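Colleague: Below is a structure I'd like to ask you about.
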Amino acid sequence: QKEVEQNSGPLSVPEGAIASLNCTYSDRGSQSFFWYRQYSGKSPELIMFIYSNGDKEDGRFTAQLNKASQYVSLLIRDSQPSDSATYLCAVTAPFGNEKLTFGTGTRLTIIP
Amino acid sequence: DAGITQSPRHKVTETGTPVTLRCHQTENHRYMYWYRQDPGHGLRLIHYSYGVKDTDKGEVSDGYSVSRSKTEDFLLTLESATSSQTSVYFCAISPRTGNSGNTIYFGEGSWLTVV
């Protein structure tokens, strides 16, 4: 079982709709959770991070964390063509672990 | 931008030759990382550093070595390049302090082709 799993996609969403990206992780003691966006041929860039159960909103983006079910999701409201990219979920292990483990990413395409 | 410069950005080398990739940061962050990214495998950690001369292995460290003689520079060396090391290499840094905690920020990447 992979430590961090994501559906590779592609996920196609109409412009203006809500895109929902999901990620599950295997280490129940994981503390920190991150979403990165990566355009083709570019480096990953941080969208947001979440530490506590529940929702965290930043503009059009909402991260949702459920530690009991070991999943974290990213919602993108009012999807734009510029949101078309690969979205990477990353997780750290219990406190003191310096390393992030990444999922393989979900490719999202916003259809105009 | 997070103040990370990788060099070279693109390199083609022959099997068996040594290759060194350089990562330079201007943020004075303690933690630095080298990842490789391959289709189907995502980002995988090669080595990381938690201070000058302090380094540790990641999940795919075989065939790679690193050095950090100054806070701002983290070098990744392929002692004898193989075709399986053809990849995109990303350097990353982390402040490991404050609200951003474990967040890491990536450099622009180095595309390495071993022929």
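The values are calculated or read from the model by the stated rules, or taken from the named source; none is laboratory data. Model, not experiment: these values are computed from the prediction. Here the Cβ is made from the backbone with ideal geometry for all residues, glycine too, and neighbour counts use every protein chain on show. Side chains included, ligands, DNA and RNA excluded: accessible areas come from the protein's heavy atoms. Shrake-Rupley method; radii C 1.70, N 1.55, O 1.52, S 1.80 Å.
Colleague: Output the residue which, of all residues in the range B:83-99 that are over 11 Å from the mean Cα position of the chain (by Cα) and surrounded by 12 or more Cβ atoms within 10 Å (Cβ to Cβ), is farthest from the other protein chains (Cβ to nearest Cβ).
Modeller: Out of the qualifying residues, it is B:Gln85.
Colleague: Follow-up question, since we're still on this one. Given the condition assigned to a strand (DSSP E or B), open to solvent by less than 20 Å² (accessible area, probe 1.4 Å) and touching an Asp or Glu at 6+ places or on another chain (Cβ under 9 Å), answer yes or no: does some residue in the range B:50-63 qualify?
Modeller: No, because not a single residue in the range B:50-63 is assigned to a strand (DSSP E or B), open to solvent by less than 20 Å² (accessible area, probe 1.4 Å) and touching an Asp or Glu at 6+ places or on another chain (Cβ under 9 Å).
Colleague: Continuing with this model, one more query. Being under 13 Å from the mean Cα position of the chain (by Cα) and of a type in the set (D, E, K, R) is the filter here; which residues of the range A:8-54 pass it?
Modeller: A:Arg37, A:Glu45 - these are the residues of the range A:8-54 that are under 13 Å from the mean Cα position of the chain (by Cα) and of a type in the set (D, E, K, R).
Colleague: Oh, and also: Look through the range A:1-40, keep the residues that are assigned to a loop (DSSP other than H, G, I, E, B) and free of Cβ contacts under 8 Å to residues at least 60 places away in the same chain, and return whichever of them is surrounded by the fewest Cβ atoms within 10 Å (Cβ to Cβ).
Modeller: Filtering first and then ranking leaves A:Gln1.
Colleague: Okay, moving on. Consider A:Ser43 against the criteria (1) polar (S, T, N, Q); (2) in a loop (DSSP other than H, G, I, E, B); (3) more than 14 Å from every other protein chain (Cβ to nearest Cβ); (4) open to solvent by less than 60 Å² (accessible area, probe 1.4 Å): it satisfies all of them except one. Which criterion is unmet?
Modeller: It fails just one condition, (3).
Colleague: Moving to a separate point now. Inspect all residues belonging to the range B:20-29 and state whether any of them is part of a loop (DSSP other than H, G, I, E, B), touching a Lys or Arg at 6+ places or on another chain (Cβ under 8 Å), within 11 Å of another protein chain (Cβ to nearest Cβ) and of a type outside the set (S, T, N, Q).
Modeller: No, that holds for no residue.
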